[in-house]
Ligand SMILES: Nc1ncnc2c1ncn2[C@@H]1O[C@H](COP(=O)(O)OP(=O)(O)OP(=O)(O)O)[C@@H](O)[C@H]1O
Ligand SMILES: [Mg+2]
């Protein structure tokens, strides 16, 4: 059974169909990239998968259960328990240090544990910067903190919307390496990107156009690097 | 780390690291709390303050000697036992006598009193210079000071004379053989003088009267009428003129009577006075006990009332000068309601002390009505200030929420439930309220103190209970003002974080 299945979902804003009858499946442990021009509905889809929005039509099955009709409170619980989020704009709490930002995620999930949070920072190579505020970190470093924050609760599914959009080559590689590690550990990854290189790191690429799935590309080179 | 610890770490970090906006909220709460605690302090202190204020219009209870026994300090203390000690603001004894100032040939009403108490019962006394602290220091009324040209540190001589006829006094012992002169005013205030010599026993040995300037042929006879003058010889002063009336001739006690020269009563009286004066140094009949001391003016008293024509000295000084320990009156300032005052007054009058007590009604009655109005005013101002504080905190927190939209969205995206968001904002609000409350309680005390000193002229005591009360109230206000902003925060859509706004 697929971890995630979208069945004929549409998201309609007045006249505009941000998503138009989209159906996709993502298997457990799979690494999927989503590409498409601006306005094609990538973020809209991520919001729905991330339980932050509901589709106008269609069903969202997560672990086999339809969550598309669940109330917001249940969606919040699901998001907290199963999903890790990484955003293009980094989105850190500006007045909390790096380690505290990681701990915020633990705080909402279960118990804050500074040691574990420091280990997560270690993993993204930022243990030394644990006590720094976001303003004192570079964009790449902030994004790495966000990755640490997304993986701290060991989510089944990590959703990343343009995680490397604002990063240089070196930081992009660090982040991709982290994704590879997560993938090796069995985490399911859905990564929205404009960057073909990032897409090529995934097993499969889904291309959206005008709110529809235009095509799917399997990456034959996956795992051969 | 526990969840609670992380919670506090987050909300304190929010306050400490995002200073500017939170500082405004903190400041508005602190200002509100300051005014609140300050006004409440004054509100509760007003009755006391106003009581003191009314006391400053003078005493509200007066004790007078009864019918039989004189009033003394001991008996005053005894009477004060009828009033709870803490309600007695002041109890001032007064003894009034007339003192002469020989160098100026004038006399003034002088009061002996307790200056410490005077300052409590008559706070409207305004003294230029100092209240007397040492013995032989006096306060001189402004009127006297102006007519006599007295200033601080001026020295004055005051003397107390009693005209009495103590039996057994024998001036002759000391004055025998000497020519003693005395003078007195005769007809038309023309002076007449008498020279006398006393013998060993103090009796008149010889007498010569110069009455040349009295009415010729009438008054002047007293100097030449040997029969008149002979009445003095061999007798012991003091003398007095016999006053004929229907029951025969009368004469004053303890004196030798002398018949007037017919048709020259006034001049005859003048001769008697002059002789007495020659012997005793006074124009009045009787033995003059004169006690003179030097005093230093320590201050000039202005009251706008009759007190400006008085001289004030310590009761001890006056008692020494007059050799008399009685009091004329005691003025009490009692901090109690009209009914209680009535009870105290009746208790004193009804006691065995033989002291009569009276209330100064005018002062006690107006007190209650003014107090009521003042407290209502303070209450109103407090309510308005609290409302303004709430509006200010509410708008500030709204601004904070919209400033932190992304952060709130992020927290929600990370799995924060609505109730966590609510809890966090409420926590920040309560923390702000608590801090503002502490600040406000302290500043409020300072504020109340300043107001009290400037408006009422007296300081207030710190109410320890007001500290937790102020903190609680400002926390409640902060929490209440945060309710609407929290609603806004909870309504924020987590999806905004993915839209990259
Ligand atoms: N709340 C909304 N109300 C109305 N229209 C919306 C709303 N959210 C998204 N849209 C529209 O839906 C379409 C898809 O938006 P979406 O953000 O999913 O695009 P995207 O593929 O993520 O683009 P980009 O690559 O620029 O991030 C856009 O045309 C957008 O304007
Ligand atoms: Mg997008």
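Scanning the stretch A:157-175 turns up no residue that is within 10 Å of chain B (Cβ to nearest Cβ), buried (at least 21 other Cβ atoms within 10 Å of the Cβ), farther than 14 Å from residue A:198 by Cβ and away from ligand 1 (no atom under 16 Å from the Cβ). Restricting attention to the stretch B:474-492, does a residue exist that is within 16 Å of ligand 1 (Cβ to nearest atom) and either assigned to a loop (DSSP other than H, G, I, E, B) or within 14 Å of another protein chain (Cβ to nearest Cβ) (or both)? Yes, that holds for at least one residue.
Which one of A:49, A:83, A:9 is surrounded by 21 or more Cβ atoms within 10 Å (Cβ to Cβ) and either without any contact (Cβ under 8 Å) to a residue 12 or more places away in the chain or within 15 Å of ligand 2 (Cβ to nearest atom) (or both)?
Numbers: A:83 fails: either without any contact (Cβ under 8 Å) to a residue 12 or more places away in the chain or within 15 Å of ligand 2 (Cβ to nearest atom) (or both); A:9 fails: either without any contact (Cβ under 8 Å) to a residue 12 or more places away in the chain or within 15 Å of ligand 2 (Cβ to nearest atom) (or both).
Sole residue among the options that is surrounded by 21 or more Cβ atoms within 10 Å (Cβ to Cβ) and either without any contact (Cβ under 8 Å) to a residue 12 or more places away in the chain or within 15 Å of ligand 2 (Cβ to nearest atom) (or both): A:49.
In the set B:385, B:334, only one residue is within 30 Å of residue B:40 (Cβ to Cβ) and not assigned by TED's automatic domain parsing to the domain that holds residue B:108; that residue is B:385. Taken over the stretch B:392-428, the criterion of being away from every other protein chain (no Cβ under 14 Å) and free of Cβ contacts under 8 Å to residues at least 60 places away in the same chain is satisfied by B:395 alone.
Looking at the structure I just gave you, is residue A:185 modelled with pLDDT of 90 or more, over 22 Å from residue A:89 (Cβ atoms), more than 14 Å from chain B (Cβ to nearest Cβ) and away from ligand 2 (no atom under 16 Å from the Cβ)? It is true that residue A:185 is modelled with pLDDT of 90 or more, over 22 Å from residue A:89 (Cβ atoms), more than 14 Å from chain B (Cβ to nearest Cβ) and away from ligand 2 (no atom under 16 Å from the Cβ). Scanning the stretch B:1-21 for residues that are facing chain A (nearest Cβ under 10 Å), surrounded by 16 or more Cβ atoms within 10 Å (Cβ to Cβ) and part of a helix (DSSP H, G or I) returns B:6, B:7, B:9, B:10, B:13, B:14, B:15. Within the stretch A:19-44, count every residue that is over 10 Å from residue A:208 (Cβ atoms), within 15 Å of ligand 2 (Cβ to nearest atom) and assigned to a strand (DSSP E or B). Matching residues across the stretch A:19-44 total 1.
Among the numbered conditions (1) crowded, with 22+ Cβ neighbours inside 10 Å; (2) modelled with pLDDT of 85 or more; (3) more than 19 Å from the chain's Cα centre (by Cα), the only one that residue B:347 does not meet is (1). Only helices (runs of 4 or more DSSP H) whose full extent lies in the stretch A:45-153 are considered here, and the ones with at least 2 residues that are away from chain B (no Cβ under 14 Å) are A:114-123, A:139-151.
Taking the stretch A:154-182 as the search range and keeping residues that are assigned to a helix (DSSP H, G or I) and in contact with a strand residue (DSSP E or B) (Cβ under 7 Å, 6 or more places away or on another chain), which one is farthest from ligand 2 (Cβ to nearest atom)? Let's see the steps before the verdict.
Narrowing the stretch A:154-182 to residues assigned to a helix (DSSP H, G or I): A:169-182.
Of the ones still in play, those that are also in contact with a strand residue (DSSP E or B) (Cβ under 7 Å, 6 or more places away or on another chain) are A:179, A:182.
Working: A:179: 19, A:182: 22 Å.
Only one residue fits best here, namely A:182.
Run down A:23, A:43, A:38 and say which single residue is surrounded by fewer than 18 Cβ atoms within 10 Å (Cβ to Cβ) and within 16 Å of ligand 1 (Cβ to nearest atom).
Numbers: A:23 fails: within 16 Å of ligand 1 (Cβ to nearest atom); A:43 fails: surrounded by fewer than 18 Cβ atoms within 10 Å (Cβ to Cβ).
After applying the criteria, what remains is A:38.
Residue under question is residue A:14, and the condition is that it be within 18 Å of residue B:495 (Cβ to Cβ), without any contact (Cβ under 8 Å) to a residue 24 or more places away in the chain and within 11 Å of ligand 1 (Cβ to nearest atom); does it hold? Yes; evaluated as a whole, the condition is true for this residue.
The values are calculated or read from the model by the stated rules, or taken from the named source; none is laboratory data. Only a predicted model underlies this, so the values are computations on that prediction, with no experimental measurement involved. Don't worry about glycine lacking a Cβ; one is built from the backbone with ideal geometry, like all the others, and counts go over all protein chains shown.
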